[in-house]
Amino acid sequence: MKVYVRALGCRLNYAEMDALARALAANGHVVTDSPDEAEQIVLNTCAVTQDAVHSSRKLTRQLHKAAPEAAITLTGCYAQLAPAVASGLPGVISVAGNQEKDALAGRWEPAGDFDLEPLQRAARVARTRAFIKVQDGCDNACTFCITTVARGEGRSRPADAIVAEIGLLTALGCREAVLTGVHLGSYGLDEGRGHQLAALIRRILDETDVPRLRLSSLEPWDLTPEFFDLWRDDRLCPHLHLPLQSGCDATLRRMARRTSQAAFCDLLAAARGRMPDPAITTDVIAGFPGETEAEFEESLAFIARQGFAGMHIFRYSPRAGTPAARMRGAVDEAVKQDRSDRLHALAAESQAAYARRWLGRELPVLWEQVAGATEDGFLNVGYTPNYLRAACVHNAALSHTVSRARLDSYDEDAGQVRVTPLLDDGPPAQGAGNG
Ligand code: SF4
């Protein structure tokens, strides 16, 4: 069977579709790069904002247009929240809720291509940088959040399965594993064993040879200063994504966020005390119900003082079924847009300031893709451990390799650093560490 899998939204959605692609490939199915060759299509949808819902529906229609004969299975948060509407979209023959997703590969009988071992088949779809699902669901109740509604209670994957998966992917050529979940920091809580993420990270670093390990979004209240001792191992990427959502305590209280200006500052100080200038990135919502101009100004000033290396900014999107959607004090769309624009301007400044602190220094870059070619060579793009996007023009395609590079200049328009790869002779060695 020829199958095309696609994800929208968060890294967890991508991790789930990567795992599905590997399982289908291991079962002898052909995972296609484009929908028009496919007999079956699986789309992992998103519903975090109204825009994401629109994108999920729009992409479903586009996939049907590209492959009118293909049978589409919709899964993910939009499919979970609106199964009836989702099943009415063109080409959709089935809708699978979030709880059914991990068993999707079993829907199709193993087939075809048995001249290769399952491992070799899975290798065909393995990535340079792999997203690894660690846990699902969330037991918090941030008032704006629909994810906790769509994904259900927090549940952790067995550590043995995670360590084995990363070991397998490293053997298949993966250079960086990214741990992801809905509420990653809550790993282990559902099993009554307290916070177990640090123990899991230690096992991964001790029991696998993965060259780079990165953590995706972490809720600030799950972390203690001791958590940052893990970064004594330089395979752990010095990059923390800590969603703040607002820099104003009054707004944070209405969001039911279990953090505050003071607690967030203490956490950043603890992280910076244990890692040399880590990249700290965040998420911020503009225009949350009841957000006055004074609250926004306070938030903006607080955010400016944190020196974030990157920010994702969202205009507040009311989601039916969340407490915030019933709150009074809705912020006018034009005001929301203005606040979002001011946050974007601050984000660009803050990101540039962080990147410029690293110019002139040498860092290893994991080259991920060739973004084009010029008469001078291939335009290679990749990331440093502290999540600086790096670009260089070189006579070799460097994808799937790691090489040291000197950081020369910052391209503000592209939001990336221009670098010179330090290659003694020809293309770099495969899988060089962070050191
Ligand atoms: S911690 Fe809050 S924002 Fe994050 S998934 Fe849970 S409820 Fe949503």
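Regarding Arg235, is this residue surrounded by 18 or more Cβ atoms within 10 Å (Cβ to Cβ), in the same structural domain as Thr148 (by TED's automatic domain parsing), closer than 30 Å to Asn98 by Cα and touching a residue at least 60 places away in the same chain (Cβ under 8 Å)?
On the way: surrounded by 18 or more Cβ atoms within 10 Å (Cβ to Cβ): yes; in the same structural domain as Thr148 (by TED's automatic domain parsing): yes; closer than 30 Å to Asn98 by Cα: no; touching a residue at least 60 places away in the same chain (Cβ under 8 Å): yes.
No, not satisfied.
Which numbered condition in (1) within 16 Å of the ligand (Cβ to nearest atom); (2) assigned to a loop (DSSP other than H, G, I, E, B) is the only one that Cys174 fails?
The failed condition is (1).
Any idea which of (1) among the hydrophobic types (A, V, I, L, M, F, W, C); (2) part of a helix (DSSP H, G or I); (3) open to solvent by 20 Å² or more (accessible area, probe 1.4 Å) is the one Ile303 doesn't satisfy?
Against the list (1) among the hydrophobic types (A, V, I, L, M, F, W, C); (2) part of a helix (DSSP H, G or I); (3) open to solvent by 20 Å² or more (accessible area, probe 1.4 Å), Ile303 comes up short only on (3).
Does the stretch 318-328 include one or more residues that are in contact with a Gly (Cβ under 9 Å, 6 or more places away or on another chain), free of Cβ contacts under 8 Å to residues at least 40 places away in the same chain and open to solvent by 60 Å² or more (accessible area, probe 1.4 Å)?
Here is the first cut: in the stretch 318-328, the residues in contact with a Gly (Cβ under 9 Å, 6 or more places away or on another chain) are 327-328.
Checking which are free of Cβ contacts under 8 Å to residues at least 40 places away in the same chain leaves us with 328.
With the extra rule that they be open to solvent by 60 Å² or more (accessible area, probe 1.4 Å), the set shrinks to 328.
The answer is yes; a qualifying residue exists.
Looking only at the stretch 252-269, count how many residues are of a type in the set (D, E, K, R), open to solvent by 20 Å² or more (accessible area, probe 1.4 Å) and within 19 Å of Ile285 (Cα to Cα).
As a first pass, look at the stretch 252-269 and keep what is of a type in the set (D, E, K, R): 253-254, 257-258, 266.
Next, only the ones that are open to solvent by 20 Å² or more (accessible area, probe 1.4 Å) stay: 253-254, 258, 266.
After this cut, where a residue has to be within 19 Å of Ile285 (Cα to Cα) as well, the list is 253-254, 258.
Of the residues in that region, 3 qualify.
Residue by residue through the stretch 209-255, note down the ones that are among the aromatic types (Phe, Trp, Tyr) and either in a loop (DSSP other than H, G, I, E, B) or within 16 Å of the ligand (Cβ to nearest atom) (or both).
If we filter the stretch 209-255 for residues that are among the aromatic types (Phe, Trp, Tyr), which is where we start, we get 221, 227-228, 231.
Answer for the stretch 209-255, where residues must be among the aromatic types (Phe, Trp, Tyr) and either in a loop (DSSP other than H, G, I, E, B) or within 16 Å of the ligand (Cβ to nearest atom) (or both): just Trp221.
Checking the conditions here, which among Ala171, Ala150, Ala141, Ala164 is open to solvent by 40 Å² or more (accessible area, probe 1.4 Å), under 30 Å from Ala325 (Cα atoms) and aliphatic (A, V, I, L, M)?
Values: Ala171 fails: under 30 Å from Ala325 (Cα atoms); Ala150 fails: open to solvent by 40 Å² or more (accessible area, probe 1.4 Å); Ala164 fails: under 30 Å from Ala325 (Cα atoms).
The match here is Ala141.
State all residues of the stretch 38-88 that are in contact with a Pro (Cβ under 9 Å, 6 or more places away or on another chain) and without any contact (Cβ under 8 Å) to a residue 60 or more places away in the chain; if no residue qualifies, say none.
Pass one, the stretch 38-88, residues in contact with a Pro (Cβ under 9 Å, 6 or more places away or on another chain): 41, 50, 60-68, 70, 72, 74.
Result: Ile41, Thr60, Arg61, Gln62, Leu63, His64, Lys65, Ala66, Pro68, Ile72, Leu74.
Suppose the filter is within 25 Å of Arg11 (Cα to Cα) and assigned to a helix (DSSP H, G or I); does Phe314 pass it? Reasoning before the result, please.
Values: within 25 Å of Arg11 (Cα to Cα): yes; assigned to a helix (DSSP H, G or I): no.
No: the conditions fail for Phe314.
Would you mind telling me which numbered condition in (1) away from the ligand (no atom under 16 Å from the Cβ); (2) of a type outside the set (Phe, Trp, Tyr); (3) out of contact with any strand residue (DSSP E or B) (no Cβ under 6 Å at 6 or more places or on another chain) Ala279 fails?
Of the numbered conditions (1) away from the ligand (no atom under 16 Å from the Cβ); (2) of a type outside the set (Phe, Trp, Tyr); (3) out of contact with any strand residue (DSSP E or B) (no Cβ under 6 Å at 6 or more places or on another chain), the odd one out for Ala279 is (3).
Consider the stretch 141-156. How many of its residues are within 7 Å of the ligand (Cβ to nearest atom) and either modelled with pLDDT of 95 or more or farther than 26 Å from Ala330 by Cα (or both)?
Taking the stretch 141-156 and keeping what is within 7 Å of the ligand (Cβ to nearest atom), we get 141-142, 145, 147-148.
Then keep just the ones that are either modelled with pLDDT of 95 or more or farther than 26 Å from Ala330 by Cα (or both); that gives 142, 145.
Residues in the stretch 141-156 being within 7 Å of the ligand (Cβ to nearest atom) and either modelled with pLDDT of 95 or more or farther than 26 Å from Ala330 by Cα (or both): 2 in total.
Quick check: anything in the stretch 24-40 closer than 30 Å to Gly287 by Cβ and crowded, with 22+ Cβ neighbours inside 10 Å? Full working, then the answer.
Taking the stretch 24-40 first, the residues closer than 30 Å to Gly287 by Cβ are none.
The answer is no, given that none of the residues of the stretch 24-40 is closer than 30 Å to Gly287 by Cβ and crowded, with 22+ Cβ neighbours inside 10 Å.
Any residue that is within 30 Å of Tyr78 (Cα to Cα), surrounded by fewer than 19 Cβ atoms within 10 Å (Cβ to Cβ) and within 15 Å of the ligand (Cβ to nearest atom) - is there at least one of those in the stretch 284-292?
At the first step, the residues of the stretch 284-292 found to be within 30 Å of Tyr78 (Cα to Cα) are 284-291.
Pick out the ones that are also surrounded by fewer than 19 Cβ atoms within 10 Å (Cβ to Cβ) and you get 290.
Checking which are within 15 Å of the ligand (Cβ to nearest atom) leaves us with none.
No: zero hits.
Considering each residue of the stretch 361-419, count those that are closer than 17 Å to Cys237 by Cβ and either free of Cβ contacts under 8 Å to residues at least 12 places away in the same chain or surrounded by fewer than 15 Cβ atoms within 10 Å (Cβ to Cβ) (or both), and give that number.
2
With the requirement that a residue be out of contact with any Leu (no Cβ under 7 Å at 6 or more places or on another chain) and farther than 26 Å from Glu69 by Cβ, what does the stretch 39-51 give you?
Listed by number, the residues that qualify are Val48, Thr49, Gln50, Asp51.
The values are calculated or read from the model by the stated rules, or taken from the named source; none is laboratory data. Everything numeric in this text was worked out from a predicted model, so none of it was measured. Every residue, glycine as well, gets a Cβ built from its backbone with ideal geometry; the counts of neighbours run over all protein chains shown. The protein model used for the area step is the full one, side chains on, heavy atoms only, and it has no ligands, DNA or RNA in it. Shrake-Rupley method; radii C 1.70, N 1.55, O 1.52, S 1.80 Å.
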